[in-house]
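One structure is given here, and the rest of the page talks about it.
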Amino acid sequence: MKIKKSLFVIIILLLNLVFIQPIKVEAKIDESNNNEFLPQAMMPYQKWNYTTTDKIPESPPVAVDLDGDETLEVLFGNQWRTFYCLSHDGIQEWNYTRNLVYSSATVADIDKDGNLDIVYGSGDYRIICLNHNGTVKWLFNSYIEPLGGSFYTTPAVADIDNDGDLEILAGSLNYNLYCLNYTGGLEWLFTTGDWILSCPAIADLDSDGTPEILVGSKDGKLYCISHTGTEEWHFQTGNDVRSAPSVADLDDDGTLEILVGSWDGNFYCLSHTGTEEWRISTGDNVYSAPAIADLDADGSLEILFGSSNHHLYCIDHTGSQEWNYTYINEIRSSPSVADLDNDGTLEVLITVVEGNLSCVSHDGVEEWSYGKVGVITSSPTVADLEGDGIYEILFGSYDNNLYCIGLTGVSSSGSASWYTYHGTMFHTGWPDSDGDLIDDYTEDHYNTDSQKPDSDEDGLDDFEEIINGIDGYRTDPNNVDTDGDSFSDFVEYQEGTDPTDPYSYPGATTTSPTPTNTTPTVSFIVGGFTSLAIVTTTAFVVIILIRRKRK
């Protein structure tokens, strides 16, 4: 009888361990879920800063995964001749010293060797092309007596002759716009009437199958140049055109509009033939390159730019002002646009000369401001450096620092349709409508869908397949199964096989794991069922009691 009572008590205790404890834990969880918390407001904080040897007057940073480790590197230059590559957490990976850098980096695999290349302009008359590890691939020298030929502007890359290879387009202080091939050889040059301080935009304006190049000059003109380097038309403004033009079909009529600012105080919208459609008078210099985005998700595009009159402007597609935001100092940077808090509407990021980074909502209300950190003329860049789904914001300052700003009160970020200066890392002057980090014009080069981030719907974004590669492999963004082995690119990525090799596929080579003699470990999970441990313990106790009873 005593044995039966002991057995009964033990079983009750074991059942209590298995069933009652989970109920208590679950009750705690339910109780905590009943508490209602107000959402925390989005606020900035400094994640890190990197101090360089001199001020960073321009050179908007670019962030891209150069080494395939699924975190982004940060690329920028300073006035004291150094171009930097930093890790996602602000540690220098390498640098290259040549001459002062005002240019932003343009990043693309220009020679199709499977590695990304970095192209930027230098103050010593050169276009510089670096390998992904910082070594020199080639240099182009534009020196012409007596004008020199410094490149203060950012290059753009595009396939302008439809031969499948990318060309590099960059303007110089020697009045020339240069077109280089992927090896750094000169294809042609076009001479304007003065310095070129404008990054070129690329667009097929007349729908003839070949693109035109749009670039401003200090002679007050916006030039439209054919893919062979001849002038198609120009538009005369009243002063320098230092603003980089941007391009979009604002009114959905099937033709493109061109948007550009001038130092005559006006912001212009031109037709694809170069005639003026409308203008906005700001009363002061417009240095800012416009950003184009559907801020409020209503299906119509807005245009955003800053002016030296201290205003950030938001203009609708008809040229009517939706709102403006006033600062206490001038704006010489260009806006970036992203959904920082994943609420379905876009925020506008702009730096102000007084030393602030400002975040403005889609309806023109400042959400937050970060500063003061010295004079800022560098444009901000938005990027998810760590791959955690939350954006960081990068910008340089005259106080010699590159700043990385993080966000509190944000659990995830949305798309970024204009994430850096002049749109994307290709700097073509087009938006990235589907948020896959490839602008709409460059998507056409790769025959991908500019309205779908994953053109072939294989679970891998176009950017992952084309630019970053997956585990080092460049797959076809228009083919679910690049190598035709009946396993999709996504499945092969998950399984660790080569999606470009039909003989490498899941299960092609399997090796049985080496058996190991290990003592099983029993782990108890609070609030869950660790059935093996409970059953084993119960059986052990029962056996002992039965043996004692027999004795």
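The values are calculated or read from the model by the stated rules, or taken from the named source; none is laboratory data. Predicted model only: the values in this text are computed from it and were never measured. Note that each Cβ is placed from the backbone with ideal geometry, even for glycine, and that neighbours are counted across all protein chains shown.
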| message | Given the criteria under 30 Å from GLN236 (Cβ atoms), at pLDDT 95 or above, touching a strand residue (DSSP E or B) at 6+ places or on another chain (Cβ under 6 Å) and of a type in the set (S, T, N, Q), does ASN176 qualify? | response | yes
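Tell me the strands (runs of 3 or more DSSP E) entirely within the stretch 183-275 that contain at least 3 residues that are in contact with a helix residue (DSSP H, G or I) (Cβ under 6 Å, 6 or more places away or on another chain) and surrounded by 24 or more Cβ atoms within 10 Å (Cβ to Cβ).
Numbers: elements: 186-191, 201-203, 212-216, 221-225, 231-236, 246-248, 257-261, 266-270.
Correct list: empty, since no element meets the threshold.
What number of residues within the stretch 102-128 are assigned to a strand (DSSP E or B) and farther than 22 Å from TRP80 by Cβ? Walk me through how you get there before you give the answer.
Here is the first cut: in the stretch 102-128, the residues assigned to a strand (DSSP E or B) are 106-108, 117-121, 126-128.
Remaining after also requiring farther than 22 Å from TRP80 by Cβ: 107-108, 117.
The qualifying residues number 3.
Here are THR273, THR237: which of them is in contact (Cβ under 8 Å) with a residue 60 or more places away in the chain and among the hydroxyl-bearing types (Ser, Thr, Tyr)? Reasoning before the result, please.
Numbers: THR237 fails: in contact (Cβ under 8 Å) with a residue 60 or more places away in the chain.
Of the residues listed, the single one that is in contact (Cβ under 8 Å) with a residue 60 or more places away in the chain and among the hydroxyl-bearing types (Ser, Thr, Tyr) is THR273.
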| For ASN162: the one exception among (1) at pLDDT 95 or above; (2) closer than 21 Å to ILE467 by Cβ; (3) touching a Ser or Thr at 6+ places or on another chain (Cβ under 8 Å) | (1)
| message | What's the number of the only condition in (1) under 17 Å from GLU93 (Cα atoms); (2) in contact (Cβ under 8 Å) with a residue 24 or more places away in the chain; (3) surrounded by fewer than 20 Cβ atoms within 10 Å (Cβ to Cβ) that ASN131 fails to meet? | response | (2)
| message | One residue is enough: does the stretch 80-100 have a residue meeting the conditions charged (D, E, K, R) and in a strand (DSSP E or B)? | response | yes
| query | Where residues in the stretch 66-93 are charged (D, E, K, R) and at pLDDT below 95, which of them is nearest to CYS359 (Cα to Cα)? | reply | GLU70
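In this structure, is ASP436 within 14 Å of the chain's Cα centre (by Cα) and either part of a loop (DSSP other than H, G, I, E, B) or within 30 Å of ILE467 (Cα to Cα) (or both)? Can you show your working first?
Values: within 14 Å of the chain's Cα centre (by Cα): yes; either part of a loop (DSSP other than H, G, I, E, B) or within 30 Å of ILE467 (Cα to Cα) (or both): yes.
Answer is yes for this residue.
Taking the options ASN329, ASN324, ASN309, name whichever one is assigned to a strand (DSSP E or B) and polar (S, T, N, Q). Working first, answer last.
Numbers: ASN329 fails: assigned to a strand (DSSP E or B); ASN309 fails: assigned to a strand (DSSP E or B).
The unique qualifying residue is ASN324.
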| Right, ASP440: at pLDDT 95 or above, out of contact with any helix residue (DSSP H, G or I) (no Cβ under 6 Å at 6 or more places or on another chain) and under 27 Å from PRO499 (Cα atoms) or not? | yes
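Okay, residues lined up against (1) among the hydroxyl-bearing types (Ser, Thr, Tyr); (2) touching a strand residue (DSSP E or B) at 6+ places or on another chain (Cβ under 8 Å); (3) over 30 Å from ASP284 (Cα atoms):
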residue	(1), (2), (3)
ALA338	no, yes, no
ILE350	no, yes, no
GLU367	no, yes, no
GLY374	no, yes, no
TYR391	yes, yes, yes
LEU394	no, yes, no
SER412	yes, no, yes
THR420	yes, yes, no
| Scan of the stretch 286-312 for residues that are crowded, with 19+ Cβ neighbours inside 10 Å and among the aliphatic types (A, V, I, L, M), ordered by number | VAL286, ALA289, ALA291, ILE292, ALA293, LEU295, LEU301, ILE303, LEU304, LEU312
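Considering each residue of the stretch 55-74, count those that are touching a Pro at 6+ places or on another chain (Cβ under 9 Å) and in a loop (DSSP other than H, G, I, E, B), and give that number. Please lay out each step first, then the result.
The initial filter retains those residues of the stretch 55-74 that are touching a Pro at 6+ places or on another chain (Cβ under 9 Å), namely 60-61, 74.
Checking the rest, the ones that are also in a loop (DSSP other than H, G, I, E, B) come to 60-61.
Total meeting the criteria: 2.
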| Residue within the stretch 90-99 that is without any contact (Cβ under 8 Å) to a residue 60 or more places away in the chain and surrounded by 20 or more Cβ atoms within 10 Å (Cβ to Cβ) present | no
| request: Taking ASP284 as the residue in question, decide whether it is within 27 Å of SER226 (Cβ to Cβ), at pLDDT 95 or above and in a loop (DSSP other than H, G, I, E, B). | output: no
| note | With criteria (1) of a type outside the set (Phe, Trp, Tyr); (2) out of contact with any helix residue (DSSP H, G or I) (no Cβ under 8 Å at 6 or more places or on another chain); (3) touching a residue at least 60 places away in the same chain (Cβ under 8 Å), ARG474 comes up short on (2)
| request: Take ILE315 and decide whether it is crowded, with 19+ Cβ neighbours inside 10 Å, over 25 Å from TYR398 (Cα atoms) and either modelled with pLDDT of 95 or more or of a type outside the set (A, V, I, L, M, F, W, C) (or both). | output: yes
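Please find, among GLY459, GLY484, GLY496, GLY429, the residue that is buried (at least 24 other Cβ atoms within 10 Å of the Cβ) and more than 25 Å from ASP341 (Cβ to Cβ). So that I can check it myself, show each step before the final result.
On the way: GLY459 fails: buried (at least 24 other Cβ atoms within 10 Å of the Cβ); GLY484 fails: buried (at least 24 other Cβ atoms within 10 Å of the Cβ); GLY496 fails: buried (at least 24 other Cβ atoms within 10 Å of the Cβ).
Only one candidate passes the filter, namely GLY429.
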| query | Within the stretch 76-88, is there a residue that is under 18 Å from THR428 (Cα atoms), among the hydroxyl-bearing types (Ser, Thr, Tyr), free of Cβ contacts under 8 Å to residues at least 60 places away in the same chain and touching a strand residue (DSSP E or B) at 6+ places or on another chain (Cβ under 8 Å)? | reply | no
